[in-house]
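The values are calculated or read from the model by the stated rules, or taken from the named source; none is laboratory data. Note that the structure is predicted; figures quoted are calculated from it, not measured. Virtual Cβ from ideal backbone geometry, glycine too; neighbours counted across all protein chains shown. Please note that ligands, DNA and RNA were not included when accessible areas were found on the heavy atoms of the full protein model with its side chains. Shrake-Rupley method; radii C 1.70, N 1.55, O 1.52, S 1.80 Å.
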Protein chains: 2
Amino acid sequence: MVKVIFKPENIEISCEYGDNLLEVARKANVFIDAPCNGNVSCGKCKVKLIKGKVDTKKSHHIKDEEWDEGYILACNSKVIEDVEIEVPSKLSSSMNKMKIEDLSTERDKQIFEKSKKLILDNNMKFKSYVRKDYIEIDIPNLDDNISDFDRIKRHLKNNLGYTKVFCRLQMLRKIPHILRKGSFKVTITHIPRGSDRTTIVNMEAGDTTDRLYGIALDIGTTSVAACLVDLYKGELLAKASSGNAQIKYGADVINRIIYATKKDGLEKLNHAIIHETINPLLKKMCKDSGIDKDEIIAFVCAGNTTMSHLLLGVYPDYLRLEPYIPTFLRAPFIKASELELNINPETFLYIVPSVASYVGGDITAGVLSSGIWSSEENVLFIDLGTNGEIVFGNKDYLMTCACSAGPAFEGGEISCGMRAASGAVEKVEINRDTFEPILKIIGSNQPEGICGSGIIDLISEMMISGIIDRRGKINKNINSNRIRFDEHGIGEYIVAFKEDYEIEKDITITEVDIDSFIRAKGAVYSGAATLITSLGMDFSIIDKVYIAGGIGNSLDIEKSILIGLLPDIDRSKFSYIGNSSLMGCYLTLMSEDARYKLEECASSMTYVELSVYPSYMDEFVSACFLPHTNIENFPTVKNILED
Amino acid sequence: MVKVIFKPENIEISCEYGDNLLEVARKANVFIDAPCNGNVSCGKCKVKLIKGKVDTKKSHHIKDEEWDEGYILACNSKVIEDVEIEVPSKLSSSMNKMKIEDLSTERDKQIFEKSKKLILDNNMKFKSYVRKDYIEIDIPNLDDNISDFDRIKRHLKNNLGYTKVFCRLQMLRKIPHILRKGSFKVTITHIPRGSDRTTIVNMEAGDTTDRLYGIALDIGTTSVAACLVDLYKGELLAKASSGNAQIKYGADVINRIIYATKKDGLEKLNHAIIHETINPLLKKMCKDSGIDKDEIIAFVCAGNTTMSHLLLGVYPDYLRLEPYIPTFLRAPFIKASELELNINPETFLYIVPSVASYVGGDITAGVLSSGIWSSEENVLFIDLGTNGEIVFGNKDYLMTCACSAGPAFEGGEISCGMRAASGAVEKVEINRDTFEPILKIIGSNQPEGICGSGIIDLISEMMISGIIDRRGKINKNINSNRIRFDEHGIGEYIVAFKEDYEIEKDITITEVDIDSFIRAKGAVYSGAATLITSLGMDFSIIDKVYIAGGIGNSLDIEKSILIGLLPDIDRSKFSYIGNSSLMGCYLTLMSEDARYKLEECASSMTYVELSVYPSYMDEFVSACFLPHTNIENFPTVKNILED
């Protein structure tokens, strides 16, 4: 056995001689970003060897001076003696620490109110699928000695019209105690189906009808966001978000799926999402709001199809292999206790149904909350999360497709990328003469990295100021200390000097990063273009564009068009609608009518498989340019560039 | 800490200074019979102190010579130093060892065939509530890429007409693997409700429709019996029975309920029935039959209302306290995994519904298998288990009541009593001149104790031969080494001298035992009399008497009438129908039609509360005599006694 100490947290772990350093870190629960999942291809798992020796090889991801300082790739190193390793990336540790923060902004609140209005405008009621009723039951005596459960059933039949009443074992065990604690005056929490059947999931002594709480949860590949809802008043009591702890097993769904096929991989991924991500968020929100976890008895969550499979511990590999078959789109009935979620164990979990292997419940939920299903106008809905999903339609039809955009919009696979959380650069302007940037950082003076909206700004500004050309290559003729090239000739632009902010390392964007991002934006643009073309239309048909996803509140539409992420149409047609998946979960939680609408949307959406369109590949290649190979598609951008 | 060693098994356990010896034995899982549950009232927890000292007191249960030999009551002793304790009773250890034996006799087989005929004669089908279907599903491709679960649903809708198909999480997790293992040719195990809905509980690759297995289980207060059934062929593959391991916490339901109210009491009782009783029986039957536990996917069990509560871990104390309210009569839906039963975890458990607090599912099941519900004639059904339950009726009506007979018919609370298992004296004849007995022992040459049928024989023979008078007191004028009196003047008859059989101790029946048994038989007789009187009838109305329960196959009807357990009517009207509860479970398992009939019986039975009949107490007191205070009720017995 040899010993590894991970700095700066001083986490110590013993392992076998020859163990892979990345695997050892995972075992020790030390987060090291490894989007390529240990293939020595992405170079993100760079760590610094402080003490001792490892069996490793230099790769092109390690610069000469880094090599001299002790930098190695964890995935490429075997532990052969006691070592001390420094995990240097602040980005990584920010993921690891799972910062949980309040999401409320003025824009969030507006979106929230607008979504609520949508429900009411469509004559749907705010009545949840979970109900509470206070009942005063006849007290038993020798002449009326039916069983406790039969007594409850009799009362519910005579007073609320339910002729079939069910409960489960754990609930049954509570009945004799609670009935007598409340002197047969109790509040039942139940889930009706139709007008005549219901299932009791909780019972409390006395009248507690004003205390009914639920969770809305959006499970993104990169970020997870949740809110704790007062179902009685409709208010949000707490909000929280964090990185998805599965990231340590791969940045995108494909790498996660591959990890799930390894020994214990599925269990580890399931553990990461439940015990390392969701339960800490639940705990935080319970603490913030002062609500006991057992009082939370409603739960709606949405995620892409892979996330839903991993949440339930269902083997996902057939999603990845042709012909790309999910095990389920609609999850069966599941109790919170079956997933060990930290809420009332009897809670019925509602998992928003997916549409296809690569169009998940998060899109269904987003379609619900964005109201496309009730729109007279033609709406293009773009979810810029990890991967990009697109919906186009109106109240008469809904078409959807998925593009392999990867995690770039949430800062993934970008060396300086991070999700839109505290410390993220969300806006960038570059002085056209000095090439000096002005940064806007979320909730901090010290930048830790750049989120999606910041990267869009940055690339757009670099293009306009001439730092990069339309291929994304850095102009070697610019004389600025912000621009430098490594020994392989790969250029980078320094967004933040470490000296200026007292940070550990310069924050830079490299040509490799820009190339990744161009491919991501190209995938989205070409996806939207193919979807609309497949209907025999073009972008001029669009009345509205809704942008959703974890790209960040500061998304700049103009700059997104400049780089060719979004089509060059009237700017007033665009709106950023935030985390529409979370909002859809909230509506589903609050309104059974909304839930029916959600299910209708899931069933009625037509999935378009882009890969069967021969034109899609051509579109994609053309879109991998700033803003596009065919500049005529972007007339306003053309004008700006010509200026 | 002090140390206790229990002989002869040499079980060693550490405990605190001053701990109660009975509790220490329970912790060590050493069985010491304690029907009174530690009140120093029954004297059954007699053990022998071999080494060391305890803090104890002599009680009237300990004879002088026993005291000198080191006998103490465990419930009355505190451990104050390291001791060695001998647990002497072979009876107790026979309970502890949980002998599991085959129950098949010729009579069993006849009863089995008769019950099957009953179902067919009433136009009911042998089609279980659990079904298997082999299906060949379309293989997915890029043009037909719906999810695995949707694919199964589509197939079942198109081919078997089920429009609503459900499954649960554990089942869902199996789907992708099994579908592909079987190349989309699989066998589903499912539980239909009506013609359009079904729930899939298992899936196997290939065609396994001929392998469908279930368990029928009777949970008695004293004995537990089970059979493993081939649902495809209807055959019994294995049978097993054992004592109920809860006995260490009390012999009857009242003492068990009291124990359940103590700290961790309910958990211990639940553990005893599931992990110490049922699971060993299941394991034994799987081994005997070569069936894998995961192939057992149907389960029907019956027990009295208290046993049902304890099986499910539901607090039973309100059954005991006025107004005697059960938490449930019909159990909710429960999966095998929720009770940790050693069968397929997805099995739906069917627990036969109870009728009232003291008329349980075992009686409902007995009514089903005995066929009273289809009888033109008036049937009196008597279950002689722990307590006695009585049903009277025919196809038009069913009346039922419970009598507090205690566990005497299964050998409980009788010093030499044991259940009808190997080593039990099941038949006794006593020579009228020599007072020497002739014993018939179940499956052995060495007697270990006497079962219910043996005690009936013994008391009847003692009465006829003049050893006891009609009050059950031993004649002091008989000169026989079989009869002796202790220092308190309490007489006993020696059934088996230890020297004759090379056993540890004489097997004797005392006046105290006889008194207990007379009260038990008095409770049953007076219960039956009151039930029939309450309908304005008398015993002459009876066309048939069915005797069920664990009293033993060798029940002698003539002798039962002689002692006044059964009414003095035409002997040809009587039949012993064995474990009618287990048989009812078998029918319920095999036939969904029979299950509907069972539920109809449970709902339609009218419960008569004996305690509200003022005449019942008088009837009981009169019946506590051999055969009865009013000998005119027993004309044939009167003639015999006068001879």
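With a Förster radius of 35 Å, plug the Cβ-Cβ distance of B:Met399 and B:Ser195 into 1/(1 + (r/R0)^6) and report the FRET value to the nearest 0.05. After rounding, the FRET efficiency stands at 0.45. Among the listed pairs A:Lys157/B:Lys597; B:Lys109/B:Lys233; A:Lys164/A:Lys283, those with a Cα-Cα distance over 26 Å are A:Lys164/A:Lys283. Rounded to the nearest 100, the interface formed by chains A and B buries 3400 square angstrom of accessible surface, both chains summed, with a 1.4 Å probe.
Structural size metrics of the range A:326-404, computed from C-alpha coordinates, are Rg and Dmax of 15.0, 43 Å.
Ellipsoid fit via the Cα gyration tensor, the range B:131-205: semi-axes of 18, 14, 11 Å, each the root of five times an eigenvalue, largest first. By a straight-distance test (C-alpha under 19 Å), which lysines pair with A:Lys638 as possible cross-link partners, with residues fewer than eight away in the same chain excluded? Cross-link targets: A:Lys473, A:Lys521, A:Lys559. Taken along its three principal axes, the alpha carbon spread of the range B:588-643 comes to 54, 31, 13 Å, from the longest extent down to the shortest. Here the Debye sum runs over all C-alpha atoms of the range B:529-593 as equal scatterers in vacuum, and log10 of I(q)/I(0) at q = 0.19 Å⁻¹ comes out as -0.85.
For B:Lys27, the label point sits 7 Å beyond Cα toward Cβ; its separations from the matching points on the remaining copies run 3.8 nm, from shortest to longest. In the range A:408-516, the alpha-carbon atoms span a convex hull of 94 Å³ per residue. If you model chain A as an ellipsoid using its alpha carbon gyration tensor, with each semi-axis the square root of five times an eigenvalue, the axes come out at 46, 31, 21 Å, biggest first. With contributions of -39500 (n - 2.57) from each DSSP H run of at least four residues, the per-residue ellipticity at 222 nm computed over chain A stands at -9500 deg cm²/dmol.
Mean projected area of the Cα convex hull of the range A:529-643, taken over all directions, amounts to 8.9 nm².
For the protein assembly as shown, taking Cα atoms only, Rg and Dmax work out to 38.6, 133 Å respectively.
A 1.4 Å probe over all protein chains sorts B:Asp362, A:Asp593 by accessible area into A:Asp593, B:Asp362, starting with the largest. Modelled this way, with points 7 Å down the Cα-to-C-beta line, the labels at B:His488 and A:Lys48 are 8.7 nm from one another. Counting only heavy atoms of the protein chains and using a 1.4 Å probe, A:Val512 has close to 80 Å² of accessible surface. Label point of B:Ser611 (7 Å along Cα→beta-carbon): distances to the other copies' equivalent points are 7.3 nm, sorted ascending. Can you flag which of A:Lys46/A:Lys239; A:Lys262/A:Lys293; B:Lys174/B:Lys293; B:Lys284/B:Lys335; A:Lys58/A:Lys263 are past 26 Å Cα-Cα? Listed pairs above 26 Å: A:Lys46/A:Lys239; A:Lys262/A:Lys293; A:Lys58/A:Lys263. Antiparallel beta bridges, as assigned by DSSP with both residues in the protein assembly as shown, represent about 70 percent of the total such bridges. Sorted largest first by accessible area at a 1.4 angstrom probe radius, with every protein chain in place, the residues A:Thr510, B:Thr187, A:Thr636 fall in the order A:Thr636, A:Thr510, B:Thr187. Given in Å, the Rg to one decimal and the Dmax to the nearest whole number for the Cα atoms of the range B:2-88 are 11.4, 30.
In this calculation the C-beta distance from B:Asn639 to B:Asp288 is compared with R0 = 45 Å, giving a FRET efficiency of 0.35. Per residue of peptide A:355-361, the mean number of Cβ atoms on other chains within 10 Å of the residue Cβ is 1. With the simple model of a label 7 Å out from the Cα in the direction of the Cβ, A:Lys114 to B:Asn445 spans 9.6 nm. In nanometres and ascending order, the distances from the B:Lys109 label point to those of the other copies are 8.5 (point 7 Å from Cα along Cα→Cβ).
Considering only B:Thr306, A:Gly360, A:Gly489, the residue lying farthest towards the positive end of the dipole of the protein assembly as shown is A:Gly360, judged by Cα position with unit charges set on Cβ.
Rolling a 1.4 Å probe over the heavy atoms of the protein chains gives the range A:2-88 an accessible area of 48 Å² per residue. B:Pro140 sits among other residues whose Cβ lies under 13 Å from its own Cβ, and their net charge, with Lys and Arg +1 and Asp and Glu -1, is -3. In the calculated pair-distance distribution of the range A:491-554, the portion above 13 angstrom amounts to 76 percent of the Cα-Cα pairs.
All other residues whose Cβ lies under 9 angstrom from that of B:Ile119 are scored, Lys and Arg at +1 and Asp and Glu at -1, for a net of +2. Membrane-span-like helices of chain B, defined as complete DSSP H segments with a Cα extent of 27 Å or more along the helix axis and a mean Kyte hydropathy of at least 0.0, are identified as B:511-534. Among beta bridges identified by DSSP and lying wholly in chain B, the antiparallel ones come to about 70 percent. Label-to-label distance for A:Glu9 and B:Arg471 is 8.3 nm, based on points extended 7 Å past Cα in the beta-carbon direction.
When the solvent-accessible area of the protein assembly as shown is split by element, carbon and sulfur atoms take up 47 percent of it, the probe being 1.4 Å. Taking each residue as 0.36 nm, the span from A:Glu632 to A:Glu66 lengthens on full extension beyond its C-alpha to C-alpha distance by 199.4 nm. Placing one equal scatterer on every Cα of the range B:11-55 and applying the Debye formula, the log10 ratio I(q)/I(0) at q = 0.14, 0.15, 0.30, 0.34 Å⁻¹ is -0.34, -0.39, -1.35, -1.38.
Accessible area per residue for the range A:131-205, computed on protein heavy atoms with a 1.4 Å probe, is 43 Å².
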